[in-house]
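To keep things clear, I will list the structure first and then write my remarks on it.
Read the figures in this text as sums done on the coordinates, not as results from a lab. Since this is a predicted model, take the numbers as computed values, not measurements. As a convention, Cβ positions derive from the backbone with ideal geometry for all residues, glycine included, and neighbour counts pool all protein chains shown.
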Amino acid sequence: MLNLDFHPSGRHFLQIPGPSPVPDRILRAISLPTIDHRGPEFGVLGLELLAKLKQVFKTEGPVMVYPASGTGAWEAAFANALSPGDRVLMFETGHFATLWHKMALRLQLEPEFIGLPGYEGWRQGVRADMIEARLREDAGHRIKAVCVVHNETSTGVTSDIAAVRRAIDAAGHPALLLVDTISGLASADYRHDEWGVDVTISGSQKGLMLPPGISFNALSDKAISASRESTMPRSFWAWDEILEANRNGYWPYTPSTNLLYGLNEALDMLLDEGLEHVFARHQRWAAGVRTAVEAWGLEIQCQDPALYSPVLTGVVMPDGIDADAVRKIIYERFDLSLGMGLGKAKGKMFRIGHLGDCNDLTLVATLGGCEAGMKLCGVPLAGSGVAAALEYFAQHPLEAR
Ligand SMILES: *Cc1c(COP(=O)(O)O)cnc(C)c1O
């Protein structure tokens, strides 16, 4: 039976940075009857959505779709492109970079985890100069891949991937470039081909506005060649069988048929709106939310204004305030879910997601919940973030498409 305590009236405010709110249009598409995944209609759907996916990744190359969460697509990238014992250079931007590093260890890669010391690194982006310096030292080319997170969801810092590509090229190093844009794709500008990325990893439940459950690898030719040499055991994740089946719009095993209906709908929505407009909409929301944080007199987790995430904003609590206690009150009193501080950031900050099916007023309401909750917890606020954000949104209309 439905537990009414968990389903109060009105819509829940799901303002975590993924899963993000799913638009009704996508939910309706997902609700259509499941069809035969080997039948003729399915092949048509498969070909259509694989072609549209390329546009969102900005690639001419193939995009793998897995019935798995983003973590599965991380594993797929390692399992296909690398071999046990391969050295990989990873950069610590936050919790997700840390989890990916842990996976590299479990898969018997030899990851080198570099970054800025202590907690400060969790407030900055990837330092391309550090990557370049390390690659220059690696004269024997033992490092097989550089792995970076594009939009670090635990901190709200978006790194410059083009700069990482330039660093690898400047060092004259042949390492593959693997990029996690699980939370960046379809909210933040992303260009697989132009930035020379070899494997892009993404997921469904963030910028793509879908429920959790599917994830992606976009591949360069170099990545496909590397997979032919790779000796990592793999079966479910193997690119070759998927590439083969995808040629006719099918998968080697049962795909998530209904989520693919949703994906097709999401891709139509994004491409009809135009990706540049989608990115501008997220930038504007992020700016409005930051205006609120500034009006409260609080700190933003990201310390580099050039790297503010369009997807989420980390709000740092003053010393002595437990961010999780604030989140708990906000959830209980206002039916609003915010992202928690993860790993090193636990208890120090909370995260406001501004992606997916939002608009100015859902964000103003979200900021209202934050403001009221912080007051209840005794957080000293300099002024009203809600009023500041409303003013920002009123004064900065989104340009028409
Ligand atoms: C959400 C996320 C992941 C993990 O994806 P799951 O779908 O939870 O497995 C990894 N990296 C980043 C940057 C993420 O935002």
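Think of the stretch 115-185 as having a plus end and a minus end, set by charges on the Cβ of Lys, Arg, Asp and Glu; of 170, 148, 184, 170 sits farthest toward the positive end of this dipole. The distance between label points at residue 54 and residue 234 comes to 2.1 nm (points 7 Å beyond Cα on the Cα→Cβ vector).
Between 0 and 90 degrees, the angle of helix 161-170 with respect to the longest Cα principal axis of the chain falls at about 40 degrees. Within straight-line reach of residue 346, meaning a Cα separation under 19 Å, sit the following aspartates and glutamates at least 8 residues removed in sequence or on another chain: 92, 120, 152, 299, 319, 322, 324. When only Cα pairs below 8 angstrom with a gap of at least 6 residues are kept, the chain shows a relative contact order of 23 percent.
If a spin label sat at a point 7 angstrom from the Cα of residue 142 along the line to its beta carbon, the backbone N atoms of the stretch 99-130 nearer than 19 Å would be those of 104-115. Spelling out what I want: for every residue of the stretch 52-67, take phi, set θ = phi - 60°, compute 6.51 cos²θ - 1.76 cosθ + 1.60 (Karplus), and round to whole Hz; glycine and proline get x. Along the stretch 52-67, the couplings run 5, 4, 4, 5, 6, 7, 6, 9, 8, x, x, 10, 7, 10, 10, x Hz. Among the GluC sites (Glu not before Pro) in the stretch 298-401, those located in a DSSP loop and surrounded by at most 11 other Cβ atoms within 10 Å of their own Cβ are 399.
Applying 1/(1 + (r/R0)^6) with r as the Cβ-Cβ distance of residue 133 and residue 31 and R0 = 51 angstrom yields a FRET efficiency of 0.45. For a straight C-alpha distance cut-off of 26 angstrom, the lysines reachable from residue 52 (same-chain residues fewer than eight places away being disregarded) are 206, 222. Counting only Cα atoms, the size of the chain along its three principal axes is 58, 55, 44 Å, in decreasing order.
Placing dummy labels 7 Å off each Cα toward the beta-carbon, the span from residue 47 to residue 221 is 2.4 nm. What is the local net charge at residue 388, summed over the other residues whose Cβ is closer than 12 Å to its Cβ (Lys, Arg +1; Asp, Glu -1)? Value of the local net charge: -2.
With r as the distance between the Cβ atoms of residue 254 and residue 304 and R0 = 51 Å, compute the FRET efficiency 1/(1 + (r/R0)^6) and round to 0.05.
Details: r = 44 Å, r/R0 = 0.86.
The pair residue 304/residue 254 has a calculated efficiency of 0.70.
For the stretch 201-215, 3J(HN,Hα) computed residue by residue from phi via the Karplus equation (6.51, -1.76, 1.60; θ = phi - 60°) reads 10, 9, x, 8, 8, 10, x, 7, 6, 9, x, x, x, 10, 8 Hz, glycine and proline entered as x. About its Cα centre, the stretch 24-272 has a charge dipole of approximately 260 debye under the convention of +1 per Lys or Arg Cβ and -1 per Asp or Glu Cβ, with nothing else charged.
Phi angles across the stretch 149-155 convert, under the Karplus curve 6.51 cos²θ - 1.76 cosθ + 1.60 with θ = phi - 60°, into 3J(HN,Hα) values of 9, 6, 10, 6, 5, 7, 10 Hz, Gly and Pro given as x. Residues whose amide H falls under 5 Å from that of residue 87, counting only those 5 or more places apart or on a different chain, are 110, 144, with hydrogens built in the peptide plane.
Rounded to the nearest 0.05, the FRET efficiency derived from the C-beta distance between residue 99 and residue 391 at R0 = 45 Å is 0.70. Taking GluC sites (Glu not before Pro) across the stretch 1-99, the ones in a DSSP loop with at most 14 further Cβ atoms lying within 10 angstrom of their Cβ are 60. Residue separation of residue 376 and residue 24 scaled by 0.36 nm, minus their Cα-Cα distance, works out to 123.4 nm of gained length. Any idea how far apart residue 166 and residue 333 come out in nm if each label point goes 7 Å out from Cα toward Cβ? A separation of 4.7 nm, rounded to one decimal place.
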